[in-house]
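What follows is a single structure, written as C-alpha cells, with notes after it.
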4 protein chains.
Amino acid sequence: MSKALVIGGSRGIGKAIANALNSINYDVVATSKNQLDTSNLKNVNEFIGNHPDTDVLILNTGGPPAKNFFSVNEEDWLKYHNQLFLGFCTILQKIKINDGGYVFLISSNVIKEPNSKLIISSAYRSAFSSVFKILSKSFAKKNISFINIAPGPINTDRTKELVNDIEEYKKTLPMKRLGEPKEIGNFVKSIVENKIKYLSGVVINFDGAASNFVY
Amino acid sequence: MSKALVIGGSRGIGKAIANALNSINYDVVATSKNQLDTSNLKNVNEFIGNHPDTDVLILNTGGPPAKNFFSVNEEDWLKYHNQLFLGFCTILQKIKINDGGYVFLISSNVIKEPNSKLIISSAYRSAFSSVFKILSKSFAKKNISFINIAPGPINTDRTKELVNDIEEYKKTLPMKRLGEPKEIGNFVKSIVENKIKYLSGVVINFDGAASNFVY
Amino acid sequence: MSKALVIGGSRGIGKAIANALNSINYDVVATSKNQLDTSNLKNVNEFIGNHPDTDVLILNTGGPPAKNFFSVNEEDWLKYHNQLFLGFCTILQKIKINDGGYVFLISSNVIKEPNSKLIISSAYRSAFSSVFKILSKSFAKKNISFINIAPGPINTDRTKELVNDIEEYKKTLPMKRLGEPKEIGNFVKSIVENKIKYLSGVVINFDGAASNFVY
Amino acid sequence: MSKALVIGGSRGIGKAIANALNSINYDVVATSKNQLDTSNLKNVNEFIGNHPDTDVLILNTGGPPAKNFFSVNEEDWLKYHNQLFLGFCTILQKIKINDGGYVFLISSNVIKEPNSKLIISSAYRSAFSSVFKILSKSFAKKNISFINIAPGPINTDRTKELVNDIEEYKKTLPMKRLGEPKEIGNFVKSIVENKIKYLSGVVINFDGAASNFVY
C-alpha cells in the first residue's frame, strides 16, 4: 500500500487532499498542527524520525495573520520563517521520497501577486517556491514530480478569517464563488491516480481565473 | 451525451486527448488538418457552421517549421498568424461553449521561454495565450474553465522533426525522457471527469521540470 | 553624428524620446503616422529604403481602439497585426542597426497583465515582445542592446481617449498621477548617453508601481 | 546636499554606485561589511540609530557561498535569512526615506531563474523582492521610487569566486563579456540625476540578454 503524508491535513485544503488520497487506497497520515507544527524545528525532526519515508508528500500549512509591514516584529518574521520555509526545507532534507513519488506544495496566489496585508506569507512562500523549483530538477531523475499549487480564494476557515463580508467578496470574483477544497483534493488525486509524472517544476494557479498576470 | 471537439486530433497530443475523452464517454469529434485547417479562415467558418456548439473544446495545432528570424517571409508570418492565432480567435468568436464547459489550449513552453528557432511559434502562441487569459475571466461567470497547457518536449512526430538526435537529447532533460502524449490526455480527462472547475485562467507547464523560470 | 530613428515620434512618448535624443546631439528622424504607417508594409519597405541604417531605433506606435473580443473583426485583426507586429518585424529584418547601437521597444504594461478592453494590443504587443526577446540574444554579439519599455498610464492623448474621468482615475494610481512622457524620454536618453550596454533582453515596466505581478 | 546610503558599498557593484552618486554631489555613506553587517540585527539597529534618514538608499549585500540543498544547515539558513532578508526589512522599517527619494535593491537574476548552486540566495532574494514590490505601492504616495535591479554576471570578485574559468564562461554569454559594475553605477546615477520617478515597483534584469524568461 502506498503512503501519503499530508502536513496540515486536519482541515481545509489539506483535509480534502487527505480524503481524496484515502479514496484511492493510500495509507494516509494527515497531521494537525498539534501533531506537527512546522514552526517548531525540533518537532519537525522528531516527526520525520517517526515517518522516515513516503510516496506522496503534501506540504501545506496555515498562513500568518494579516499584518502591515511596519507592525511585523522580529518574533513574527522568525516564527513564520520557520513555519512557511525552514520547516518545509527540513522535511525535504530528511524525509525519503520513494522513487516515482510526488511532492505537492500548497502555496498561495500571493507568490505571483504579493498582497500587502499578507506580506509575511508573500515573502516566505515565494522563498520556498524558489527552493521547490530547484528541487524539481534534481528529483526528476528519480521520477519524482514536484507540483506547486497556488490557491486563490478557497472556501476555508482561513478565507473567512481574512475577508469581512464573504457574500460581497464573491461578487468580485470571476466565478462569483470561492473554490472548494475538494476541487483541489480531486485534482491532486487525479494526478496521482493517473500516474501523471511529466507535470513537474510547475506552479499551478488554482484561483477561478482571479489572477491578472498572463502566465 | 456531452460533446468534445478536438482540433488537431488525428495524431500526437490531440489524438491522445481525443482518446482519453472517448474513454469517459464523450462524443468526440477529432479533426485532422484535412478536415479543419486553422490557417484557412473560410474553412474554419464552414466547420463551425457544422459544429456550432460543444461542451469541451481543445485548441491544438501543429507548429511552423524551424526558421531563423531573417528567413521568415511575409507569407510565413501571415500563414501562421492564421494557423496559430486568428483561426483560434475565429473559433472562439463563433462556437458556443455550453455552460459548465471547458476550453483547453495546447500551447508550448516557448510562450514563457521563447526559442530562436521557433520564433514564429513563440510569437503567435504568446499572442493567443494573452487572448485566452482575457477570455478566461469573461467566460468564468458561465462556469466555463479556460486552461492553457504549455507542453515541453513530448514524444510526438513534431519533436522528432525538430531534434536531430533524440537519444542524446533525452540525456539533457531532467527526467531523461520525453513526456508521453497520453500523460496530457489523462490530465485533461481527469480535470473534465472530476468536474474541476476552479482551475481557470492558468498556464500549466507540462515539461518534466525543464523550464527555468520560477513561475 | 550618431543617428536615431523614432517611429511614432510626432507626439506623446515618441516625441519626448525624440526631443531627449536631440538634446544630446543625435541626428533624429522622428516619423509621424503620415510619414510612416507601420500597418502599411509597402510604406514600411519604402521608408527603410530611404533610411537603411541607424544607431538608435525606437519602435513605437499608437494602439488600437478599445474593443470587446466579440466585436473585433478580421479587418481589425489584420490591420493591427501589421501595425503592432509585422511592420516592426519588417523594419528589424531590413534596417541595419550599427554595432554598439540600441533598439528600444515602447510596448505596454498589457503585455504582462492583459486588459480585456485592449485585447488586440495585449495580443500583438505580447507577440512582438517575444520576437524582441529572441533578437536581444542574437544582436548581443554586435554589442547592440534591446530594451523593452512597458509603460503604464502616461499623460498622453491616448490615455485621455481611453479613460473617462482622468482626475478620478489618478486617485486610483499608487502615485496619484500619470507618468510624464519626458520621464521616459529622459530614461532612454540616460541609457544611450551613458553607453549602458549590459541592459538588454529586459522588459522594464514604467508604470508608477501600478502593476501587481511581482516580476 | 542630498544624502545617499549604500549598503555593501566598499567594493563591486555597491562601490560603483557609491562613486557614481558621489560624482553628482550626493553626500554618500558607503558601508563595508565591517561597518554594517546585515546578518547582525543588533548591528543594523545601531547603525540606523546613527543614520536615521536618507534620500537614496541602496540595499546591496554579498551572497552566500555556493552550497547544495542537502548540505545547507540550520545555521546557514538563519545567517542568510538575516543577511539577505531580515536585515533589509529592519532597515526599511526603521530608516526614514525622505519624500521624493529612491530605494534601489541590488538583487540577482536568480530571483526569476533560480540556480541550484545558489539555492540560499535564490530563496531569500525572492522573499525580499516580494516585500520590496509591496512597499513600492505604499511608498508611492510619498513620491518614493522602489527599483529592483537584478544583475546577471558582473565583473566582480563574487563572480570570480563562483566561476571556475572566467574566459570560457564569457564565451557562453550573449555579449561575450561580463557586465561592468560601473554600468550599474551609471544606470542608478542617471535615474536619480534625471529625477525619473515613475519607474517604481519594477524588476530590471541587468544581465546582457542572458535570461531566458520572456519578461
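The values are calculated or read from the model by the stated rules, or taken from the named source; none is laboratory data. These figures come from a predicted structure and were not determined experimentally. Using ideal geometry, Cβ is built from the backbone for each residue, glycine included, and neighbour counts are taken over all protein chains shown. For the accessible areas, the whole protein counts, side chains as well, though only heavy atoms, and no ligand, DNA or RNA atoms are used. Shrake-Rupley method; radii C 1.70, N 1.55, O 1.52, S 1.80 Å.
Regarding segment D:1-65, what are the three Cα extents along the principal axes, ordered largest first, in Å?
Principal extents (Cα only, largest first): 32, 28, 14 Å.
Give me the percent relative contact order of segment B:102-201, please, defined on Cα pairs under 8 angstrom at least 6 residues apart. Write out the running numbers ahead of the final one.
Working: 98 pairs, mean separation 33.9, N = 100.
The value is 34 percent.
Looking only at other chains, what is the average number of their beta-carbon atoms within 10 angstrom of each beta-carbon in C:134-142?
Details: counts 12, 6, 5, 9, 6, 3, 8, 5, 1.
Average neighbour count from other chains, rounded to a whole number: 6.
Between rounded, prolate and oblate, where does segment D:3-135 land on the alpha carbon gyration tensor, with a ≥ b ≥ c its root eigenvalues, rounded for a/c under 1.5, else prolate if a/b exceeds b/c?
prolate
Mind checking the mean number of beta-carbon atoms from other chains within 10 Å of the Cβ atoms in D:105-115?
Values: counts 0, 0, 0, 0, 0, 3, 5, 7, 7, 11, 3.
Taking all residues of D:105-115 together, the mean is 3.
Would you mind classifying segment D:55-205 by shape? Square roots of the alpha carbon gyration tensor eigenvalues, ordered a ≥ b ≥ c; an a/c under 1.5 is rounded, otherwise it is prolate if a/b is larger than b/c and oblate if not. Please report the intermediate quantities before stating the final value.
Values: a/c = 2.41, a/b = 1.31, b/c = 1.84.
Verdict is oblate for segment D:55-205.
Per residue, how much accessible area does segment A:115-164 show when a 1.4 Å probe rolls over the protein heavy atoms, in square angstrom?
Computed with neighbouring chains in place, this is 31 Å² per residue.
Per the helix-only calculation at 222 nm, which mean residue ellipticity applies to the protein assembly as shown, given -39500 (n - 2.57) for every DSSP H run of n ≥ 4 and division by its residues, nearest 500 deg cm²/dmol? Write out the running numbers ahead of the final one.
Working: 32 runs with 336 residues, N = 860.
One gets -11500 deg cm²/dmol as the mean residue ellipticity at 222 nm.
Normalise the Cα radius of gyration of the protein assembly as shown by 2.2 N^0.38 Å (N = residues in it) and let me know the number.
Working: Rg = 26.2 Å, N = 860, 2.2 N^0.38 = 28.7 Å.
Compactness ratio reported: 0.91.
So which trypsin sites (Lys or Arg not before Pro) in segment A:106-215 are both in a DSSP loop and have at most 12 other Cβ atoms within 10 Å of their Cβ? Display every interim value, and only then the final one.
Numbers: sites: A:Lys112, A:Lys117, A:Arg125, A:Lys133, A:Lys137, A:Lys141, A:Lys142, A:Arg158, A:Lys160, A:Lys170, A:Lys171, A:Lys176, A:Arg177, A:Lys182, A:Lys189, A:Lys195, A:Lys197; in loops: A:Lys112, A:Lys117, A:Lys176, A:Arg177, A:Lys195, A:Lys197.
Answer in residue order: A:Lys176, A:Lys195.
Please state the relative contact order of segment A:1-157 as a whole percent: Cα pairs under 8 Å, 6+ residues apart?
Details: 275 pairs, mean separation 37.5, N = 157.
For segment A:1-157, the relative contact order is 24 percent.
Would you jot down the residues in segment C:162-195 that end up with at least 10 Å² less accessible area in the complete protein assembly than in the chain alone, with a 1.4 Å probe?
Buried on complex formation: C:Pro174, C:Met175, C:Lys176, C:Arg177, C:Gly179, C:Glu183, C:Asn186, C:Phe187, C:Lys189, C:Ser190, C:Asn194.
How big is the gap, in Å, between the Cα center of segment C:74-88 and the Cα center of segment A:10-69?
52
In square angstrom, what is the accessible area per residue of segment A:20-99 with a 1.4 angstrom probe? Can you show the working numbers first?
Details: 3420 Å² over 80 residues.
The answer is 43 Å² per residue.
Leaving out ligands, DNA and RNA, what percent of the accessible area of segment D:168-215 is carbon and sulfur, probe 1.4 Å? Display every interim value, and only then the final one.
On the way: 710 of 1450 Å².
Using a 1.4 Å probe with all protein chains present, segment D:168-215 comes out at 49 percent carbon and sulfur.
Kindly state, to the nearest 0.05, the FRET efficiency for A:Lys170 paired with C:Thr172, given R0 = 25 Å and r defined as their beta-carbon distance.
On the way: r = 23 Å, r/R0 = 0.90.
It comes out at approximately 0.65.
For segment B:30-139, which whole-number percentage of the solvent-accessible area (1.4 Å probe, protein heavy atoms only) is attributable to carbon and sulfur atoms? Walk me through the numbers on the way to the answer.
Working: 1670 of 3610 Å².
Carbon plus sulfur share of accessible area: 46 percent.
With solvent modelled as a 1.4 Å probe, how much accessible area in total do chains B and D shield from it at their shared surface, in Å² to the nearest 100? Working shown, then result.
Details: alone 11090 and 11090 Å², together 21590 Å².
That pair hides around 600 Å² of surface in total.
Near the axis that takes chain B to chain D, which B residue has its beta carbon closest, and at how many Å?
Closest to the rotation axis on chain B: B:Phe213, 2.
Hey, which of these cross-link pairs are over 24 Å Cα-Cα: A:Lys96/A:Lys197; A:Lys67/D:Lys15; C:Lys112/D:Lys137; A:Lys176/B:Lys195; B:Lys182/D:Lys112?
A:Lys67/D:Lys15; B:Lys182/D:Lys112
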